[in-house]
1. With (1) closer than 21 Å to Thr328 by Cα; (2) of a type outside the set (Ser, Thr, Tyr); (3) assigned by TED's automatic domain parsing to the domain that holds Ser74 as the list, and Leu177 as the residue in question, which single condition is left unmet?
2. Can you tell me which residue among Leu170, Leu87, Leu138, Leu161 is at pLDDT below 85, surrounded by 13 or more Cβ atoms within 10 Å (Cβ to Cβ) and not in a loop (DSSP other than H, G, I, E, B)?
3. Spot the failing condition for Ala181; the list is (1) aliphatic (A, V, I, L, M); (2) at pLDDT below 90; (3) assigned to a loop (DSSP other than H, G, I, E, B), and only one is missed.
4. Quickly run through segment 233-249 and pick out the residues that are surrounded by fewer than 18 Cβ atoms within 10 Å (Cβ to Cβ) and in contact with a Pro (Cβ under 8 Å, 6 or more places away or on another chain).
5. Given the criterion out of contact with any Gly (no Cβ under 6 Å at 6 or more places or on another chain), closer than 16 Å to Val94 by Cβ, among the aliphatic types (A, V, I, L, M) and not assigned by TED's automatic domain parsing to the domain that holds Arg199, identify the matching residue among Ile61, Ile44.
6. When segment 66-80 is examined, which residues are found to be surrounded by 21 or more Cβ atoms within 10 Å (Cβ to Cβ) and among the polar types (S, T, N, Q)?
7. Of all residues in segment 114-128, which are surrounded by fewer than 15 Cβ atoms within 10 Å (Cβ to Cβ) and over 34 Å from the mean Cα position of the chain (by Cα)?
8. Within segment 184-211, work out how many residues are in contact with an Asp or Glu (Cβ under 8 Å, 6 or more places away or on another chain) and in a helix (DSSP H, G or I).
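The values are calculated or read from the model by the stated rules, or taken from the named source; none is laboratory data. Since we're looking at a predicted model, the values are computed, not measured. All Cβ positions, even for glycine, are placed from backbone atoms using ideal geometry, and neighbour counts span all protein chains on display.
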Amino acid sequence: MRVPSLRFAHVSRGKNEPPPGIVGVARVDLRTKVLVRRLEPGDIAIIDHPDLDRVSADELIACRVAAVVNTSKSVTGRYPNLGPGLLLEAGIPVIDDVGREVLTRVGDGSTVRLDKDILYNAGDQVIAKGVLLTRAALEAAMGEANAGVPTQIDSFAANTLEFLRRERDLLTNGVDLPELATTMKDRHVLVVVRGYRYREDLRALRPYIREYRPVLLAVDGGADALLEAGYRPDVIIGDMDSVSDEALQAGAELVVHAYPDGRAPGMARLQGLGLDAARLPAPGTSEDVALLVADARGASLIAVVGTHWTLEEFLDKGRPGMASTFLTHLRVGSKLVNARGVHQLYQSRISGWALAALVVAAAVTIVVAIAWMYVRYGTMPQAVGLLYGIKPVIIAVVLQALWGLGRTAIKSRLLAAIVPSGTCCVKPASKPLIPARANSNPRPAVRKAGLQSS
């Protein structure tokens, strides 16, 4: 996917010619997952993100940024991370290693110009210079990173074993249950994390959500993912650093994941918004805590979207170990269903348009058949009751078809308002579409014998 940007040719210019490069609004933040909530198409994202991971790159691409300026190296060589490659494939230029000074030199919301590897302010003054990441440079950096993978795996395994020894009680005792009004006992619980391919998987799970009505448990930014998909989360668990104010104020129950010693930095933010929340001290990640809470509250099945499962993903996120996830999966494994990739598991071979055409053809056939029956037998007393009984059935079938097609076709609130308004403006016909048939074949008069005059 190529993002639109304002690019200008590198030629000598007159007074009225635009400057070369990319001109856009600068958005600055130390945390990429916080920055993406403010980005608009065409913005220039200025981040401080060594080893840019895949999830963050996917979010930047979805925001359709014009360019990414990183104060650190997008590939440090620690691990062959996937984020920079995704940005280059999307046609988004990446300027690396410009230095942290740019964070104070550029005001958030100011207009800047990026020409090759140099960043200018509105007054055409140089404010930062970095390294333009090219495909050749990325391949060389990834080759060096691949050479260090064995060392990273050894360190990862050591950290995992250390956590296992220190937090083994997590497997036997679980976590303390927070006070929640939401009932999870004997219900399905869908845990949503804003991770890999979460949009596609949520779209594929629409029939499941519609039929089973699971408890929607969001982990931090997973609440925004649910709102984006058209759902409201029932419970939000996390440290509350990557979830929007809109999602926090959507009416869900809030549980702040605190450190084992009770410290909960996210609680101050909720108090500033005037929101109540339960505090849950626990080791491990917020994803693991969400799974343990669902299990402890009696969920019959726990489906997960966007969570981290593989060694590659944990290293890509910069996690030192995955012991808490290992222990969590051992505890809740019998209930756990990973919904990742469900959008690739099955795709209907019948397109939406083909299905709509089939429904319309069936409806036309039924209407023609009913119309023929009305014209042919409408005046017979035996058929009147039958036709009156069929009418409600036809109306119900048509309304059900319109409801199903409408939920698929109407994608915005504007269309949702226009359709019923236009329907109300249609003037009912003053005459029936199929008028009552005149008695074109009247019964002949009966002539009785003996009554004729001679």
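1. (3)
2. Values: Leu87 fails: at pLDDT below 85; Leu138 fails: at pLDDT below 85; Leu161 fails: surrounded by 13 or more Cβ atoms within 10 Å (Cβ to Cβ).
It is Leu170.
3. Only one criterion is unmet by Ala181, namely (2).
4. Going through segment 233-249, the residues surrounded by fewer than 18 Cβ atoms within 10 Å (Cβ to Cβ) turn out to be 241, 244-246, 249.
Of everything in segment 233-249, just one residue is surrounded by fewer than 18 Cβ atoms within 10 Å (Cβ to Cβ) and in contact with a Pro (Cβ under 8 Å, 6 or more places away or on another chain), namely Asp241.
5. Numbers: Ile44 fails: out of contact with any Gly (no Cβ under 6 Å at 6 or more places or on another chain).
Among Ile61, Ile44, only Ile61 is out of contact with any Gly (no Cβ under 6 Å at 6 or more places or on another chain), closer than 16 Å to Val94 by Cβ, among the aliphatic types (A, V, I, L, M) and not assigned by TED's automatic domain parsing to the domain that holds Arg199.
6. Keep residues of segment 66-80 that are surrounded by 21 or more Cβ atoms within 10 Å (Cβ to Cβ), which gives 66-71, 74-75, 79-80.
If the condition is that a residue be surrounded by 21 or more Cβ atoms within 10 Å (Cβ to Cβ) and among the polar types (S, T, N, Q), then Asn70, Thr71, Ser74 are the ones that fit.
7. Pass one, segment 114-128, residues surrounded by fewer than 15 Cβ atoms within 10 Å (Cβ to Cβ): 116, 122-126.
Result: Ala122, Gly123, Asp124, Gln125, Val126.
8. Counting residues in segment 184-211 that are in contact with an Asp or Glu (Cβ under 8 Å, 6 or more places away or on another chain) and in a helix (DSSP H, G or I) gives 1.
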